[in-house]
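The next block holds one structure in the form of structure tokens; read it before the comments.
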Amino acid sequence: VRVGRSEIDPERKLEREALRRLVTVHGRGDLPRHFAVSAALVVLSDESRSLAVGIAKEASDSNPGGSGFSFVDMVANKSGIRLAVLATQNRESARMIQARVAQSSGPSRFIPEIDGLPEGLSSDVFQAQYGGLGGARTRDLMAEIDRRVNEAYAIP
């Protein structure tokens, strides 16, 4: 199987999956994926579209059968977006991010703490208790996430 210019060996699929499970942030394997996908979408498209995809994914997750809307996942999404924007904004910010990555002790330095953020919210609960995507509680939590991302070690 070819992906881009690289050949992917299907016989090593289990090995790749085992390695992916080793990468966690705050004890969770899903957060690095949210971070990486959001960062990649910034590079492939732009910041606004990446954020829209992240929000749409969480809204979709709130539907029956999904894992629920997660403000925790939004921390990882917004962290990936911020890092990608800074890494591609200009030479100076790219060098600053490269230096911080080189000096970091691991991926958790790029995704701020997730304590106290709700997750697993069904569509009904999200709408009733948070006002949905445009609700005041949702806006307040998104502002709190932005504050955390802005204060994160590697994301000034």
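The values are calculated or read from the model by the stated rules, or taken from the named source; none is laboratory data. Computed from a predicted structure; not experimentally measured. Neighbour counts are summed over all protein chains in view; Cβ atoms, including those assigned to glycine, are modelled from backbone coordinates with ideal geometry.
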For this session: State yes or no: is V53 in a helix (DSSP H, G or I) and at pLDDT below 95?
Result: no
For this session: Being assigned to a loop (DSSP other than H, G, I, E, B), modelled with pLDDT under 95 and not aliphatic (A, V, I, L, M) is the filter; apply it to segment 114-156 and report the residue that is nearest to H26 (Cα to Cα).
Result: Y153
Exercise. Restricted to segment 52-70, and to residues that are touching a residue at least 24 places away in the same chain (Cβ under 8 Å), on the phi < 0 side of the Ramachandran plot and in contact with a strand residue (DSSP E or B) (Cβ under 6 Å, 6 or more places away or on another chain), which residue is surrounded by the fewest Cβ atoms within 10 Å (Cβ to Cβ)?
Worked result: S62
Problem set entry | Candidates E58, E11, E17 - the one that is in a helix (DSSP H, G or I), over 22 Å from G106 (Cα atoms), of a type in the set (D, E) and modelled with pLDDT under 95 | E11
For this session: Please specify each residue of segment 78-98 satisfying the condition of being surrounded by fewer than 13 Cβ atoms within 10 Å (Cβ to Cβ) and within 25 Å of G27 (Cα to Cα).
Result: Q98
Exercise. In this structure, does V85 turn out to be assigned to a helix (DSSP H, G or I) and closer than 17 Å to E151 by Cβ?
Worked result: yes
Exercise. With respect to V42, is the statement that it is surrounded by 16 or more Cβ atoms within 10 Å (Cβ to Cβ), assigned to a helix (DSSP H, G or I) and touching a residue at least 60 places away in the same chain (Cβ under 8 Å) true?
Worked result: no
Exercise. Picking from S6, S45, S38, S70, which residue would you name as being closer than 22 Å to R137 by Cα and of a type outside the set (A, V, I, L, M)?
Worked result: S70
For this session: Sort out which residues of segment 99-139 are over 15 Å from the mean Cα position of the chain (by Cα) and aromatic (F, W, Y), and write them in order of number.
Result: F126, Y130
Exercise. Name the pairs whose Cβ atoms lie under 7 Å apart, with the first residue in segment 137-150 and under 16 Å from Q127 (Cβ atoms), the second among the aromatic types (F, W, Y) and part of a helix (DSSP H, G or I), and 6 or more positions between them or separate chains?
Worked result: R137/Y130; T138/Y130; L141/F71
